[in-house]
Amino acid sequence: MGEEPDPFDVICHIAFDRPPLTRRERAEQVRKRDIFNRYEGQARQVLESLVDKYADSGIAPIEDPKVLTLSPFSQLGAPMELINAFGGKPGYQRALHELEDALYQPPPDTIVFLLAACLCRPLSTCRQMTHQRNTPHHVNQQHHQIDSGHHA
């Protein structure tokens, strides 16, 4: 498990000739950067478990709130208890986005990187990524047209 490349890395390999990382390698890079240093207790355990889940299963399972009902999360607490460890749903979602950003830290060519990343993620997540990075509005429009099957 985790030994195959993330679909994002396959796209970057094709587009940028970057060697693809396995999900496990990508997860290890996040652990080395210790992005969770401001979280403690249950919240930190949840984030560390999300990194493990990503390494084993990819990005989609960690974006699904139902993941908190599965092992090992169910052993850490009830889903609402785990979400409350982040100060509520907005705090949990913010921490999850920080984790995703850390997993997919962009190379210098951010616009092309974001378009490649959006191909591997739900449209709603892509919109958030592009707005957070102050990407020009026309890039969002082009991606939406591509995602909905309408080409510019």
Exercise. Apply the Karplus parameterisation 6.51 cos²θ - 1.76 cosθ + 1.60, with θ equal to phi minus 60°, to every residue of the stretch 59-74 and state each ³J(HN,Hα) to the nearest whole Hz, in sequence, with x for glycine and proline.
Key: 6, 4, x, 7, 7, 8, x, 5, 4, 6, 8, 9, 6, x, 4, 4
Quiz item: Along the stretch 95-102, what does the Karplus equation 6.51 cos²θ - 1.76 cosθ + 1.60 (θ = phi - 60°) give for ³J(HN,Hα), rounded to whole Hz, x for Gly and Pro?
Solution: 5, 5, 5, 4, 5, 4, 4, 5
Quiz prompt | Mean Cβ neighbour count within 10 Å, used as a protection proxy, ranking 82-90, 49-57 highest first | solution = 49-57, 82-90
Quiz item: Under 5 Å between amide H atoms, partner at least 5 residues away or on a different chain: which partners does THR22 have, H built in plane at 1.01 Å?
Solution: none
Exercise. Give the span of the stretch 1-105's Cα atoms along each principal axis, as three whole-Å numbers ordered largest to smallest.
Key: 43, 25, 20
Quiz item: How high is the FRET efficiency from ARG38 to HIS13, r the C-beta distance, R0 22 Å, rounded to 0.05?
Solution: 0.10
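Just so you know, all these numbers are worked out from the coordinates, no wet-lab data involved. On a predicted model such as this, the values are computed, not experimentally measured, just so you know. Every residue, glycine among them, receives a Cβ derived from its backbone with ideal geometry; neighbour counts consider all protein chains shown.
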